[in-house]
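Participant: The structure follows.
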Amino acid sequence: MRDRSIYCETVNFPGFNGDIIEGYLAKSVGETSTGSVVVIHHMPGYDRETKAIARRIADMGFNALCPNLHYRDAPKAQSDDAAAASRANGGVPDDRLIGDVAGASEYLRSLDNSSGTMGVIGYCSGGRQAFLAACNLDFDAVVDCYGAFVVNSPAPEFPIRVLPVADQAANLSGALLGLFGIEDTFPSPDEVKELERILTSLDKVHEFHTFENAGHGFFAADRPSYRIEAANKGWVLVEEFFNRML
Amino acid sequence: MCTYIVETIPAKGSAKSTKGWIDVDRATVSFDHPVHAMTPHTLNIDVTNSKMDASYRVALELDANSARNLANTILAVLEEAPLALQQ
């Protein structure tokens, strides 16, 4: 494997409803024609760790762009303050998410070294949002990292506002890689199996991996949920998947 | 998981943020992933002024037991304080 050069900067582009939002671009400089990946950050925000994910994907040879889904809630604030503002405002609405991801995709397609192929990856709440985006927009590759409430509805006692999105699975536009932890309860192994059954029944290309000794958030290297073995294996699968599909 | 469990209430008082004292008009209480605390989920309290930049937030991330103890202690202290002083 050769070393790659990447270039990173904050960029602005139109998202949902034509609103100008910001995003973190990590561009693979050495590639003359390459695929792109939209990186969807988790609910704690458009943070340093998610930007590191974008850089890692650029280091694989792809262009990556992470839209700041909380930009409207607090344009000039730090990521944790913006996440808190978004939380107080009720979170990221699904239609706004789809519009912002569409804007990020368009920005990536406009880059001089874009081959036109497009992937999306999301973690935690972003896993559900990656699935949702791929049911409403054109993607070649979709990675859902332990997204909850893709299949199941929140329990009645939960005052949660999100709705499951598996009923849109017939519209899933790209191949799906799902990465889960056996110890996770949201999504539980049973929910993962049900999603796999739905995708199989619809003849959707998919590949699921559930790791032992891992629960929710096993990729998060700065959190106690980090599981190095699952994360390392997961990253290998993500790179292989994007290399095949993009 | 992201729980999205959140309640927002009006609040009146002051809080000391990283940028100094602010007038408070809102408190948000949630149980969700923390940014800094080393437990998967925490009881989070954000005290803010909705008219000011979000960076003036005063934030707490407490594990569930600590949050219960804090809530009970707040109520106990209020019980001790004469009602006449709470107007």
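Participant: How many residues, within region A:149-173, are touching a residue at least 12 places away in the same chain (Cβ under 8 Å) and either among the charged types (D, E, K, R) or touching a Lys or Arg at 6+ places or on another chain (Cβ under 9 Å) (or both)?
Facilitator: From region A:149-173, those touching a residue at least 12 places away in the same chain (Cβ under 8 Å) are A:149-152, A:161-166, A:168-173; that's our starting set.
Filter once more, keeping what is either among the charged types (D, E, K, R) or touching a Lys or Arg at 6+ places or on another chain (Cβ under 9 Å) (or both): A:149-150, A:161-162, A:164-165, A:169-170, A:172.
Residues in region A:149-173 being touching a residue at least 12 places away in the same chain (Cβ under 8 Å) and either among the charged types (D, E, K, R) or touching a Lys or Arg at 6+ places or on another chain (Cβ under 9 Å) (or both): 9 in total.
Participant: Report yes if residue A:183 is surrounded by fewer than 24 Cβ atoms within 10 Å (Cβ to Cβ), more than 16 Å from the chain's Cα centre (by Cα), modelled with pLDDT of 95 or more and within 13 Å of another protein chain (Cβ to nearest Cβ), otherwise no.
Facilitator: yes
Participant: I would also like to ask the following. Tell me which of these residue B:71 doesn't satisfy, since it passes every other one: (1) modelled with pLDDT under 95; (2) under 30 Å from residue A:185 (Cβ atoms); (3) not hydroxyl-bearing (Ser, Thr, Tyr).
Facilitator: Condition not satisfied by residue B:71: (1).
Participant: A further question follows. What number of residues within region A:199-230 satisfy the criterion of being hydrophobic (A, V, I, L, M, F, W, C), more than 14 Å from chain B (Cβ to nearest Cβ) and surrounded by fewer than 18 Cβ atoms within 10 Å (Cβ to Cβ)? Full working, then the answer.
Facilitator: Within region A:199-230, the first condition is being hydrophobic (A, V, I, L, M, F, W, C), and the residues that meet it are A:199, A:202, A:205, A:208, A:211, A:214, A:218-221, A:228, A:230.
Checking which are more than 14 Å from chain B (Cβ to nearest Cβ) leaves us with A:199, A:202, A:205, A:208, A:211, A:228, A:230.
The next check asks that each one be surrounded by fewer than 18 Cβ atoms within 10 Å (Cβ to Cβ); those that pass are A:202, A:205, A:208, A:228.
Result for region A:199-230: 4.
Participant: Among all residue pairs at least 6 apart or on different chains, which show Cβ distances below 9 Å where the first residue, located in region B:57-82, is over 19 Å from residue B:36 (Cα atoms) and the second is loosely packed, with under 10 Cβ neighbours inside 10 Å?
Facilitator: Within 9 Å, the pairs are B:78/B:86.
Participant: May I pose another question? Determine which member of the set B:65, B:44 is within 13 Å of another protein chain (Cβ to nearest Cβ), at pLDDT 95 or above and closer than 21 Å to residue A:224 by Cβ.
Facilitator: When all the criteria are applied, what remains is B:44.
Participant: I've got another one for you. Mind listing whichever residues of region A:31-43 are surrounded by 14 or more Cβ atoms within 10 Å (Cβ to Cβ) and out of contact with any Cys (no Cβ under 8 Å at 6 or more places or on another chain)?
Facilitator: Of everything in region A:31-43, those that are surrounded by 14 or more Cβ atoms within 10 Å (Cβ to Cβ) and out of contact with any Cys (no Cβ under 8 Å at 6 or more places or on another chain) turn out to be A:31, A:34, A:35, A:36, A:37.
Participant: Among the residues of region A:162-175, is any buried (at least 20 other Cβ atoms within 10 Å of the Cβ), at the interface with chain B (Cβ under 10 Å from one of its Cβ atoms) and under 15 Å from the mean Cα position of the chain (by Cα)?
Facilitator: The answer is no; no qualifying residue exists.
Participant: Looking at A:127, A:147, can you tell me which residue is buried (at least 20 other Cβ atoms within 10 Å of the Cβ), modelled with pLDDT of 95 or more and not polar (S, T, N, Q)?
Facilitator: Values: A:147 fails: modelled with pLDDT of 95 or more.
Matching residue, one of A:127, A:147: A:127.
Participant: For region B:48-57, which positions are buried (at least 16 other Cβ atoms within 10 Å of the Cβ) and more than 10 Å from every other protein chain (Cβ to nearest Cβ)?
Facilitator: B:49, the sole residue that qualifies.
Participant: Okay, moving on. Name, by its number, the condition in (1) touching a strand residue (DSSP E or B) at 6+ places or on another chain (Cβ under 9 Å); (2) within 10 Å of another protein chain (Cβ to nearest Cβ); (3) of a type in the set (Gly, Ala, Ser) that does not hold for residue A:148.
Facilitator: (1)
Participant: Something else about it: Only one of B:10, B:34, B:82 is closer than 27 Å to residue A:93 by Cβ and either more than 15 Å from the chain's Cα centre (by Cα) or surrounded by fewer than 18 Cβ atoms within 10 Å (Cβ to Cβ) (or both); which?
Facilitator: B:10
The values are calculated or read from the model by the stated rules, or taken from the named source; none is laboratory data. This structure is a prediction, so every number in the text was calculated from the model and none was measured. All Cβ positions, even for glycine, are placed from backbone atoms using ideal geometry, and neighbour counts span all protein chains on display.
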